[in-house]
Every structure is written in structure tokens, then in C-alpha cells.
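*Asks:* One structure, pasted below without further comment.
The values are calculated or read from the model by the stated rules, or taken from the named source; none is laboratory data. Just so it is clear, the model here is predicted, and its values are computed rather than measured. We place every Cβ from the backbone using ideal geometry, glycine too, and count neighbours over all the protein chains shown.
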Amino acid sequence: MAIKHDWTKEEILDIYNKPFMELLYEAATIHRQHHDPNTVQVSTLLSIKTGGCPEDCGYCPQAARYHTDLEGNDLMSVNQVKAQALRAKASGSSRVCMGAAWRNVKDGEEFDNVLEMVRTINKLDMEVCCTLGMLTENQAQRLAEAGLYAYNHNLDSSEEYYKEVISTRGYQDRLDTIGNVRKTNVTVCSGGIIGMGESEADRAGMLVALSTLNPQPESVPINALVPVEGTPLEEQNPVPIWDMIRMVATTRIVMPETQVRLSAGRTQMSREGQAMCFFAGANSIFAGDKLLTTPNPDVNEDMEMFKMLGLNPQKAFVKKAQPESVDAENSKYQAQGEKPRWSRPEHKIERNLGAQKKAKTKA
Ligand code: SF4
């Protein structure tokens, strides 16, 4: 099954608005064909430089122009970052994402320090991701050489609605940065936020922009707005859980191989709501009591939820269930007289086992 890269807004809206049970069933089926449904990656988001940003993203307390209670911080030291990464690893995280409130990366001492942070986390055998603003091709290459695994640069919304939220840089600027990352071997993480006053068509429009990238982003965070007092979006209503589940399910259907990340807004979600998101295809959460600057559930609560749902934290560098592990798991269950735990259609076997499998088939 080839990945579809020509989704239209109408097609995606049709999916988003399917009867809920059908949507969930379709998304869960696709999820099981491409991923282990009992594995969810735990990632840690570290704000390595907080506040004082010259941009005007309407949802963000780090924008210098808004009057919020946020306390800013200069760039953290490499040792501070290493200590936090070690703590994150000890509590089950396999990925660290470092965020700096910059408009764009500037060459110089601070960027050199970030490169050193990337090298340091890479040596801890964790996936390392950065979100540092706009990036040139040369800077993307330097990050790649330091061992960066992923670069995050969100599209935030549809191209049309984006203008309502941000005026200091355009949609094309964002796509250009994603394009610069794509020229390296760093994977792309790009998603958006719902609950900023956008329409369903805007949500679909954002998924069109992401799913028509070729290749599609390896990682797509779906955030529910956390309104912060003092920002232009402070009065937005909370995102209904049903919208979040629909958004996750639709993302899973249009980008089957992507890691869909259930990101900001989890403190407002019940465990049942989060479980529905995992069933619909979310396979990552961010752990830690803060998500850059907004509140996030405590890591112990998350681990309790994992236990309750029988979920395992995903190891680093495993984007989806590998056929060998699927085979091993399934034979284990079959030997015990049980049914396989998740399905795997023939096309996946063919494609993933590659030459070895094809040779066997021919023989
Ligand atoms: S989202 Fe990023 S770029 Fe926008 S204001 Fe916040 S820190 Fe700056």
C-alpha cells in the first residue's frame, strides 16, 4: 500500500466527519498495520532558552510582546541539559526535544553550545530533537553532523488560518525550514495546534499541507491549545476531547507511518480520553510537569496510566513495529493458543522483509 501524497481538503474533511465509531475503527486498523498498538513513546521537552522571543505567535507566552507571568531564562548549559536528559531517560523517555525561543538560529557561540548539547544527548543513546526556529540548509547540516535525529518546526494551522495567529513570519518560511531539514538525514517533526478558533476546514487544510509533503513528516505533534493569560488567545474555549480524538484519528489515517504525538493539552484530558487517542493512533506523549512553559501531567501519573492500559514505553530509534518483532510476538501468542495481538497485512511483510522475504517467496 503506497503512501498517498495527494490528499485533498474535501477527502480529509470526509474522514474527519465520519461517524465516530467508523472513524475510530478505520484509524485503529491502520494504526495496527503500521505500528505496535501497545507501545507509546515517552518524550521529554526541555525549554533550553525561555522567553524573550521577537515573534508574535498568538498562543505563545514566550513572545516578548505579550504580558504574561512567564519567567525567561538564558540558554542552559550543556551540563544542565545532560542532567535533565539523564533524569528523563531514567523515567522512561527515549527522546529529548530541546526548544529555544528564537526567531531563527544564528551562527555563533549559542548555536555551538546547542550542537554540543545534541552531541551529548546523542551519546546517551536517546533520540534528540531540536526546535530552534527557522534554519538554513547549512545549519541543518551542522545539526545533522552533530547527531540530531529530528527537527521540529510546526505548521500550526492551515495556510489560510495561520495568518490570523502569526504575522511575523509566513507559512512559506516554515515550509522552507522543513525543506532545509529534508536536505539532510535529520527526520522532520511538524504538526499543529487545534482550538485557536480555526474551522474544521482549517484543521483539514493543515493535514493537507503535512500529508502532501513527500516524504511525509516522520513525526506529527497534535496539540490542544492551552490558553495563557496575557496572550491574544487567552479566551479560547477548551478543545472538546471528541475533536482531539477525531484529529488524531484523521492524522493517523492520512499519515499511516508517522509517529502521531499527543502533545499539549493533556492536563485537560481524562485518562479515558487519552486512551481513546492511543486507540485512534497516537503513539507518543510528552512527559514532565511542563511542556516548554505550559502545565503537563506528572510523569508518575503517566506511568500509572501506562500500567493501567498495558502500554510499554517505546525504545529509542524504533519508529514502528518491525516485521521481525511482529513475527516473534505473534508466534509467542500463537504458541500459547492465543490470537496474534495485532494484524499485519501481506504487503507490509513483503515490503519490510525486503529481498530476503522475496527470495523465499520465489523459492
Ligand atoms: S512559538 Fe516559538 S517562535 Fe512563536 S513566539 Fe513562541 S517561542 Fe517564539
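*Asks:* In this structure, does residue 30 turn out to be touching a Pro at 6+ places or on another chain (Cβ under 8 Å) and either on the phi < 0 side of the Ramachandran plot or modelled with pLDDT of 95 or more (or both)?
*Replies:* Taking the combined requirement at face value, the residue satisfies it.
*Asks:* Could you check, for the stretch 181-189, whether at least one of its residues is assigned by TED's automatic domain parsing to the domain that holds residue 94, touching a residue at least 12 places away in the same chain (Cβ under 8 Å), on the phi > 0 side of the Ramachandran plot and outside any helix (DSSP H, G or I)?
*Replies:* no
*Asks:* Identify all residues within the stretch 102-139 that are in a loop (DSSP other than H, G, I, E, B) and either within 16 Å of the ligand (Cβ to nearest atom) or under 19 Å from residue 74 (Cα atoms) (or both); write none if there are none.
*Replies:* Within the stretch 102-139, 102, 103, 105, 106, 107, 108, 132, 133, 135 qualify.
*Asks:* In the stretch 53-83, which residues are more than 9 Å from the ligand (Cβ to nearest atom) and touching a Gly at 6+ places or on another chain (Cβ under 6 Å)?
*Replies:* 67, 68, 70, 72
*Asks:* Being at positive phi, loosely packed, with under 14 Cβ neighbours inside 10 Å and not β-branched (Val, Ile, Thr) is the requirement here; does residue 147 meet it?
*Replies:* No: the conditions fail for residue 147.
*Asks:* Something else now. Tally time: how many residues in the stretch 141-177 are away from the ligand (no atom under 16 Å from the Cβ), in a helix (DSSP H, G or I) and under 26 Å from residue 204 (Cβ atoms)?
*Replies:* Counting residues in the stretch 141-177 that are away from the ligand (no atom under 16 Å from the Cβ), in a helix (DSSP H, G or I) and under 26 Å from residue 204 (Cβ atoms) gives 2.
*Asks:* What residue, of 172, 141, is surrounded by fewer than 21 Cβ atoms within 10 Å (Cβ to Cβ) and either hydroxyl-bearing (Ser, Thr, Tyr) or in contact with a Ser or Thr (Cβ under 8 Å, 6 or more places away or on another chain) (or both)?
*Replies:* Selected residue: 141, the only one of 172, 141 that is surrounded by fewer than 21 Cβ atoms within 10 Å (Cβ to Cβ) and either hydroxyl-bearing (Ser, Thr, Tyr) or in contact with a Ser or Thr (Cβ under 8 Å, 6 or more places away or on another chain) (or both).
*Asks:* While we're looking at this one, here's another question. If the requirement is being part of a strand (DSSP E or B), surrounded by 15 or more Cβ atoms within 10 Å (Cβ to Cβ) and either free of Cβ contacts under 8 Å to residues at least 40 places away in the same chain or assigned by TED's automatic domain parsing to the domain that holds residue 183 (or both), which of these qualifies: 99, 92?
*Replies:* Sole residue among the options that is part of a strand (DSSP E or B), surrounded by 15 or more Cβ atoms within 10 Å (Cβ to Cβ) and either free of Cβ contacts under 8 Å to residues at least 40 places away in the same chain or assigned by TED's automatic domain parsing to the domain that holds residue 183 (or both): 99.
*Asks:* Anything in the stretch 210-230 that is surrounded by 22 or more Cβ atoms within 10 Å (Cβ to Cβ) and either hydrophobic (A, V, I, L, M, F, W, C) or over 18 Å from residue 171 (Cβ atoms) (or both)? List them, or say none.
*Replies:* Hits for the stretch 210-230 are 210, 219, 220, 222, 224, 225, 226.
*Asks:* Let me ask something else. Considering the stretch 250-264 alone, what residues qualify as being within 14 Å of the chain's Cα centre (by Cα) and over 19 Å from residue 93 (Cβ atoms)?
*Replies:* Within the stretch 250-264, 251, 252, 255, 256, 257, 258 qualify.
*Asks:* Okay, moving on. Collect the residues in the stretch 1-40 that are of a type in the set (Gly, Ala, Ser) and either part of a loop (DSSP other than H, G, I, E, B) or exposed (fewer than 13 other Cβ atoms within 10 Å of the Cβ) (or both), keeping them in residue-number order.
*Replies:* Passing the criteria: only 2.
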